[in-house]
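Data block below; observations after.
Read-outs throughout are calculated quantities, based only on the coordinates presented, and are distinct from any laboratory measurement. Nothing here was measured: the structure is a model prediction, and the numbers come from that model. Methodologically, a virtual Cβ is constructed for each residue, glycine included, from the backbone with ideal geometry; neighbour enumeration extends over all protein chains shown.
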């Protein structure tokens, strides 16, 4: 198997040692590699699969019986040699790499991940135990573990979400609506500044490794990614007579919807994918399961 290890950003010493002891020539990239840095993936795909005889995405979409919510399947392509890309870095780094693979239609390349953050959402979804595996063991899993077909969620900007995405209005309750497939997850028409009390603050979803594709729940307090709410924490209530202040990042565990697509619309929505905020507020965003599945090393 042809393997390329991408070391993204500054690695912890234990991972630095493990990478250099195990991999003779890792490729060093920035913390969140951009399109120019990731051109190497285009070259890698062209080297091992010069021509793809399988149906194109347009041909798949035109089929009358596309199994949109079927279980993920192995890639149909047959490269000259199996290829694996291992990303050592943050959730954002991995998302950037897989986004590039999706955009060049090279999801037949298997992907391993060595998280550098013990709170990695992707590690949780993939069952990698980011805070428990030592560097060498995590790297060995990424290099030698079996790749599993995995549902892949993307959005209308052509960006993947692998661990977690959130939609909210910075600093206050979210005015808008969120729909999963045909069911309403979230609906609110009034804006209230963060005051320490639970309320309709937006939505969070995580990809499901199998069908249908994603699971979503309402945010009951501001996102931990909401910098505006963090800058204006509510005042503590006198002697706690009215109850304690709710903490950011709260969700409603009793309200969870699963589906293959999520649509959100509202006023000045902030969208955060795998820890990276969209550069500007939007009025709408759609996430949906990609027609091809990823081939990811997970448990």
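The table that follows gives values for the structure above.
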quantity: Label-point gap, in nm, between residue 286 and residue 80 - each point 7 angstrom along Cα→Cβ; calculated: 4.0
quantity: Helix axis angle, 91-103 relative to the chain longest principal axis, alpha carbon, degrees; calculated: 60
quantity: Crossing angle, helix 13-22 versus the chain [Cα axis fit, 0-90 degrees, rounded to tens]; calculated: 20
quantity: Nearest-ten-degree value, helix 39-48 long axis tilted from longest Cα axis of the chain; calculated: 40
quantity: Burial ranking of peptide ranges 204-210, 179-185 (average Cβ count within 10 Å, highest at the top); calculated: 204-210, 179-185
quantity: Kirkwood hydrodynamic radius of segment 64-216, from inverse mean 1/r over distinct Cα pairs, in Å; calculated: 17.5
quantity: Euclidean distance of C-alpha centroids, segment 42-110 and segment 170-201, integer Å; calculated: 35
quantity: Gain upon complete extension [residue 193, residue 211; 0.36 nm per residue less C-alpha separation]; calculated: 2.8 nm
quantity: Residue 21 versus residue 254: modelled label distance in nm, points set 7 Å from Cα along the beta carbon direction; calculated: 5.1
quantity: Sites residue 277 and residue 53, calculated FRET efficiency, Cβ-Cβ separation with R0 41 Å, nearest 0.05; calculated: 0.55
quantity: Equivalent ellipsoid semi-axes - Cα gyration tensor, segment 12-87, angstrom; calculated: 33, 16, 14
quantity: Scaled radius of gyration (Cα, divided by 2.2 N^0.38 Å) that segment 2-152 gives; calculated: 1.08
quantity: Calculated P(r) of the chain - Cα pairs past 31 Å, %; calculated: 33
quantity: Among 22-30, 56-64, the order from most to least packed when residues are scored by Cβ within 10 Å on average; calculated: 22-30, 56-64
quantity: Kirkwood Rh (inverse of mean 1/r, distinct Cα pairs), segment 60-108, angstrom; calculated: 13.3
quantity: Gyration tensor verdict on segment 165-273 (Cα atoms; rounded if a/c is under 1.5, prolate if a/b is larger than b/c, oblate otherwise); calculated: prolate
quantity: Full-extension gain in nm, residue 247 to residue 10, via 0.36 nm per residue minus C-alpha separation; calculated: 82.2 nm
quantity: DSSP beta bridges in the chain [antiparallel fraction, %, rounded to 5]; calculated: 75
